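Colleague: Okay, handing you the structure first.
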Amino acid sequence: MNKRPGGELATRPLHFILLADCSGSMNIDGKIQALNNAIREAIPHMQAIANENPNAEILVRAIKFADGASWHISQPTPIDKFQWVDLTSGGLTDMGEALSLLSEQLKIPPMSDRALPPVLVLISDGLPTDDINNGLKTLMALPWGKKSVRIAIAVGEDADQEILQRFIDNTNIKPLQANNADQLVKYIKWVSTVILKSASSPSSQVNYMNSSGMNVPIPKLPENEPSSATDVW
């Protein structure tokens with residue numbers, strides 16, 4: 001068992017939060033169902049990561065955004081009890097409102113000052129239709145917003161790469177480009193396993209700092225491989 005001065009490491013909460021684009025364009029070519037399937041496939045892998053590290057309590061929830069933004073799964077749910085509820089799509093892309101909604105939950109309270117850096121995963125296939133600047137500014141002004149591990153997945157080639165890069169705010173990490181359902185599954189699994197394992201590792205428990213300025217070591221990003229699938233978005 002890893003220890004800190006004075007005794008064993010106490011269990012600390014690690015919030016894993018998905019921000020999912022549910023705009024009308026996500027209904028094209030089955031993107032929204034591919035996202036639902038990818039998240040559902042990732043859950044057992046996340047549960048395995050949690051079992052490997054009892055010092056971190058992995059809590060999952062999700063925000064959906066289209067015409068406005070709301071909590072799709074509002075309560076921080078332990079991963080061993082987490083069940084995915086399918087998203088549906090239709091409407092605009094109010095990403096800025098989603099970031100503002102997220103920011104409210106990253107304040108202290110309701111966040112604990114003893115939590116591990118949260119993992120935030122933004123998934124989008126298009127351009128924001130509201131003011132993204134205020135949402136980003138609010139998020140990055142918060143200690144847990146700045147220290148969070150921020151990953152973005154671009155679904156299809158119409159996703160706004162510049163906005164996704166601004167959300168990440170780290171030149172060493174680029175948006176992941178998913179051009180078909182297989183790639184989306186691959187990247188959701190990567191975020192849900194490799195990143196989650198790093199964020200819940202003992203090095204994060206003792207506030208490991210790396211050159212990115214985040215409180216967790218960032219593993220090597222998966223390659224954005226050319227797609228061999230025929231169902232390209």
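The values are calculated or read from the model by the stated rules, or taken from the named source; none is laboratory data. Model, not experiment: these values are computed from the prediction. Note: ideal-geometry Cβ built from the backbone for every residue, glycine included; neighbour counts use all protein chains shown. We work out accessible area using only protein heavy atoms, side chains counted, and drop any ligands, DNA or RNA first. Shrake-Rupley method; radii C 1.70, N 1.55, O 1.52, S 1.80 Å.
Colleague: What does the charge add up to near S100, with Lys and Arg as +1, Asp and Glu as -1, over the other residues with Cβ less than 10 Å from its Cβ? If you can, show how the numbers build up before the last one.
Modeller: Details: positive: K137; negative: D94, E97, E104, D130, D131.
That works out to -4.
Colleague: Exceeding 27 Å between C-alpha atoms, which entries from my cross-link table qualify? They are K174/K197; K81/K220; K31/K174; K31/K147; K146/K174; K107/K197.
Modeller: K81/K220; K31/K147
Colleague: While we're on this one: On the full set of protein chains, 1.4 Å probe, figure out the accessible area of I108 and give it in Å² to the nearest 10.
Modeller: Approximately 100 Å² for this residue.
Colleague: Another question, if that's okay. Could you list which residues have their amide H under 5 Å from that of A152, counting only those 5 or more apart in sequence or on another chain, with H placed in the peptide plane?
Modeller: Correct list: L122, L176.
Colleague: For segment 22-128, what % of the accessible area comes from carbon and sulfur atoms, probe 1.4 Å?
Modeller: Accessible surface attributable to carbon and sulfur in segment 22-128 totals 50 percent.
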